[in-house]
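Notes to accompany the following structure.
The values are calculated or read from the model by the stated rules, or taken from the named source; none is laboratory data. Not measured: the values here are computed from a predicted model. With ideal geometry, Cβ positions are generated from the backbone for all residues, glycine too; neighbour counts draw on all protein chains shown. Calculation scope for accessible area: heavy atoms of the full protein, side chains included, ligands and nucleic acids excluded. Shrake-Rupley method; radii C 1.70, N 1.55, O 1.52, S 1.80 Å.
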Amino acid sequence: MSYAHPEYLVDTEWVAAHLQDANVRIVESDEDPLLYAIGHIPGAVHVDWFSVLQHPLRRDFLTKEKFEELVSALGIANDTTVVFYGDKSNWFAAYALWLFQYYGHQNVKIMNGGRTKWEQEKRPFVKETPSYAKTAYRAKEADKSIRAFRDDVFKQLDAKKPLVDVRSPKEYSGELTHMANYPQEGSTRGGHIPTAVSIPWSQAVNEADATFKSPEELRALYEGKNIKADGEVIAYCRIGERSSVTWFVLKYLLGYPNVKNYDGSWTEWGNLVDAPIEK
Amino acid sequence: MPLPQNLQEIIDMIASMSREEKLETLIAYAETLPDLPERFKTQRDQMESVPECMTPVFIIAEKDEHGGIQFYLDIPPQSPTVRGLASILLNGLNGCAFEEIVSVPIDFYHPMNLQEAVSQQRITGFTGVLSHMKQAAAKAQQA
């Protein structure tokens, strides 16, 4: 058994062999915004999810026009193969990939294992920031088929279709919002969306080298919790970053045709007046 | 009680910086955070850990010969932002009296306007580090 769409995954060896390939752009996207400056894969460009991928005012992603500017400045053309990698088992690499797909970039891949594996293999990190000739990138209209808004979640609930909560067990149970020292805690209620099953995102990756688990293991993990390919699945976490990993796994590694990431996630649902919650 | 002088100076300096300068300063603080001394490496299970951070952070404190508190931190190099933020606290609080340390308010970081440089989660981790430094200082004070 192999992954459903293995072309969405490359290994570190492939990346090392394509560092000079003009048709390939390596993009680092991290949870920690300083990691790229400390050292990155030679020739890789940086996309900071927090300062760059978000809308400056509204709670939303950057606009299509801003996305075109960003991607053009990174020297990415519409037919460039974009390979994402990052820290923390590719959390934010998956998030950036999801957003690139949201604006219609088709040729995207994740470097399996991310920074962790590249570092374990003692491959080079450099501090020099590369610059590439600007392109005239044209994005497509946002692809809402991969993004769930709160109304989609209500419809999902009404239709009794599956929801996957990918947060840690304590966030799922609602215990975590009661922890001390969260002066600006993002949600006023703890718990999870009713009927959502708990499958923490990290169960999809091998702790040792941050690579994805085997197709057999992944299938057993999700099908074992009754998350199956025949139907719509919505994944969520706190702000939609960890659930991007789950979205990637379900859509490209297992080949589920209809998977959405609910980026509003718990920081929206746990603050939403009149929304049902289970503990 | 006013903030410890060193911490106040760091806050004032960072408050006046552009976003780019703030990021560069955080990197410099991250890169100059001292390694955990050998003598503490076997005691990691007795150190304060900071569960608010998604990064493993360990803190230990002891009293110096002047009665002030000295902190020692262990934070992996893969987390430069947490290292940078914690290093600011280390530089700002090392050698201070216990009473000064526990009096630092949880919102001390507001004037630095760090949210233009790092996400709210990182800042939440920052306040987590402070409160665990206070607890480590309390243990050192009682020892």
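In summary, A:Ile146 fulfils each of the numbered conditions (1) surrounded by 15 or more Cβ atoms within 10 Å (Cβ to Cβ); (2) modelled with pLDDT of 95 or more; (3) under 22 Å from A:Ala37 (Cβ atoms); (4) not aromatic (Phe, Trp, Tyr) with the single exception of condition (3). In the range B:34-57, the qualifying residues are those that are free of Cβ contacts under 8 Å to residues at least 40 places away in the same chain and open to solvent by less than 40 Å² (accessible area, probe 1.4 Å), and the one that is nearest to the other protein chains (Cβ to nearest Cβ) is B:Leu36. Just one of the listed residues (A:Ser265, A:Ser168) is in the same structural domain as A:Val153 (by TED's automatic domain parsing), free of Cβ contacts under 8 Å to residues at least 40 places away in the same chain and open to solvent by less than 10 Å² (accessible area, probe 1.4 Å), and it is A:Ser265. What do you reckon, is A:Trp91 open to solvent by 10 Å² or more (accessible area, probe 1.4 Å) and either modelled with pLDDT under 95 or more than 13 Å from the chain's Cα centre (by Cα) (or both)? So A:Trp91 passes the test.
Output the residues belonging to the range B:103-114 that are within 8 Å of chain A (Cβ to nearest Cβ) and open to solvent by less than 10 Å² (accessible area, probe 1.4 Å). Correct list: empty.
A single member of A:Phe100, A:Phe50 is in a loop (DSSP other than H, G, I, E, B) and within 26 Å of A:Val205 (Cβ to Cβ), and it is A:Phe50.
Count of the range A:211-254 residues, restricted to those that are within 15 Å of A:Gln101 (Cβ to Cβ) and open to solvent by 10 Å² or more (accessible area, probe 1.4 Å), is 2.
If you go through the range A:1-39 and keep only what is out of contact with any Gly (no Cβ under 8 Å at 6 or more places or on another chain), of a type in the set (Asp, Glu) and closer than 20 Å to A:Glu128 by Cβ, you end up with A:Asp21, A:Asp32.
In the range A:220-231, the residues that are touching a residue at least 12 places away in the same chain (Cβ under 8 Å) and in a helix (DSSP H, G or I) reach residues that are open to solvent by 70 Å² or more (accessible area, probe 1.4 Å) and of a type in the set (Lys, Arg) with C-beta atoms within less than 8 angstrom, at least six apart or across chains, in these pairs: A:Tyr222/A:Lys228.
If I ask for residues that are modelled with pLDDT of 95 or more and either open to solvent by 20 Å² or more (accessible area, probe 1.4 Å) or facing another protein chain (nearest Cβ under 10 Å) (or both), which ones from the range A:44-56 would you list? Result: A:His46, single match. Among residues belonging to the range A:17-43 that are part of a loop (DSSP other than H, G, I, E, B) and among the aliphatic types (A, V, I, L, M), point out the one that is most open to solvent (accessible area, probe 1.4 Å). Across the range A:17-43, the extreme among qualifying residues is A:Ala22. Among the residues of the range B:115-129, not a single one is surrounded by 15 or more Cβ atoms within 10 Å (Cβ to Cβ), more than 10 Å from every other protein chain (Cβ to nearest Cβ) and in a loop (DSSP other than H, G, I, E, B).
Among the residues of the range B:78-90, is there at least one that is more than 10 Å from chain A (Cβ to nearest Cβ) and surrounded by fewer than 15 Cβ atoms within 10 Å (Cβ to Cβ)? Within the range B:78-90, none of the residues are more than 10 Å from chain A (Cβ to nearest Cβ) and surrounded by fewer than 15 Cβ atoms within 10 Å (Cβ to Cβ).
For the range B:21-33, the criterion of being in contact with a strand residue (DSSP E or B) (Cβ under 7 Å, 6 or more places away or on another chain), in contact (Cβ under 8 Å) with a residue 24 or more places away in the chain and more than 14 Å from chain A (Cβ to nearest Cβ) is met by none of the residues. Which residues, taken from the range B:1-20, are within 13 Å of chain A (Cβ to nearest Cβ) and acidic (Asp, Glu)? B:Glu20, the sole residue that qualifies.
One residue is enough: does the range A:6-16 have a residue meeting the conditions in a loop (DSSP other than H, G, I, E, B), closer than 24 Å to A:Phe212 by Cβ, open to solvent by 30 Å² or more (accessible area, probe 1.4 Å) and assigned by TED's automatic domain parsing to the domain that holds A:Thr135? Yes, that holds for at least one residue.
Residue-level check: of (1) under 20 Å from B:Arg122 (Cα atoms); (2) more than 18 Å from the chain's Cα centre (by Cα); (3) crowded, with 17+ Cβ neighbours inside 10 Å, A:Gly75 misses just (1). Just one of (1) away from every other protein chain (no Cβ under 14 Å); (2) at pLDDT below 95 fails for A:Leu97. It is (2).
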